[in-house]
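Following: one structure in structure tokens, then a few remarks.
Bear in mind these aren't lab numbers, they're just calculated from the coordinates by the rules spelled out. From a predicted model like this one, the values you see are computed outputs, not experimental measurements. Here Cβ is always computed from backbone atoms with ideal geometry, including for glycine, and neighbour counts include all displayed protein chains.
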Amino acid sequence: KKVDTGFDEIKKGHINTRTQWWDGSAIYGNNSGELSQVRTFRDGKLKIAKDGLLQHDQNGLPIAGDILNNWIGVSALQALFILEHNAICDTLKKEYPDLEDEDIYRRARLVTSAVIAKIHTIDWTIELLKTDTLVAAMRI
């Protein structure tokens, strides 16, 4: 949807209805419909093929949270973080055998999203914006 930007030099902008990557939306989706497509609803896990790659639906589209503008690099990261999410589920199930599917899923999503945020903040941002000021501000 085009919207007025409020700036004379930029006439029109676009509303982004998708969330930012830090929340794990590329893995979990931007809404409950996308989320239900990626979940197995067993032990908190997400769908992934036996070979560790993304599964595909009947139209050949990858089964992952956000597949708009997808390419092999994004698919690889989605598969990696789905595997990480599922590994966290296995650990939670082993340590807390009484947890239900939804509880395991929510805790695994929280941990996985924290890992993504850590990578964005500590690893990726530093390399992208490597300045003395940023390094000092990040206390690295």
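Using DSSP to define loop residues, name the chymotrypsin sites (Phe, Trp or Tyr not before Pro) in the stretch 60-140 whose beta-carbon has at most 12 other beta-carbon atoms within 10 Å. Provide the component values of the computation, followed by the final result.
Numbers: sites: TRP71, PHE81, TYR105, TRP124; in loops: TRP71.
The qualifying sites are TRP71.
Hey, any idea what Rg/Rh is for the stretch 2-138, computing Rh the Kirkwood way over Cα pairs? Please list the in-between numbers first.
Working: Rg = 17.9 Å, Rh = 16.8 Å.
Ratio value, two decimals: 1.06.
Enter the Cα centre distance for the pair the stretch 40-64 and the stretch 115-140, rounded to the nearest angstrom.
32
Counting residues in the stretch 80-140 as N, plug N into 2.2 N^0.38 Å and put the Cα Rg over that result. Show your work: numbers first, answer last.
Working: Rg = 15.9 Å, N = 61, 2.2 N^0.38 = 10.5 Å.
The stretch 80-140 yields a ratio of 1.52.
Using DSSP to call loops (not H, G, I, E or B), can you name the trypsin sites (Lys or Arg not before Pro) in the stretch 29-85 whose Cβ has at most 11 other Cβ atoms within 10 angstrom?
Passing both the DSSP loop test and the Cβ count: ARG42, LYS50.
Sketch the reach of a paramagnetic label on TYR96 as a point 7 Å from Cα along Cα-to-Cβ, and name the residues of the stretch 39-55 whose backbone nitrogen lies under 20 Å away.
39-46
Could you tell me which GluC sites (Glu not before Pro) in the stretch 52-140 are loop residues by DSSP with no more than 15 other beta carbons within 10 angstrom of their beta carbon? Numbers along the way, then the final one.
Values: sites: GLU84, GLU95, GLU100, GLU102, GLU127; in loops: GLU100.
Taking the stretch 52-140 and a limit of 15 other Cβ atoms within 10 Å, the loop GluC sites (Glu not before Pro) found are GLU100.
For each pair in LYS50/LYS130; LYS93/LYS118; LYS93/LYS130; LYS50/LYS94; LYS47/LYS130, compute the distance between the two Cα atoms and list the pairs where it is over 29 Å. Don't jump to the answer; show the numbers that get you there.
Numbers: LYS50/LYS130 39 Å; LYS93/LYS118 24 Å; LYS93/LYS130 40 Å; LYS50/LYS94 21 Å; LYS47/LYS130 37 Å.
Violating the 29 Å limit, Cα to Cα: LYS50/LYS130; LYS93/LYS130; LYS47/LYS130.
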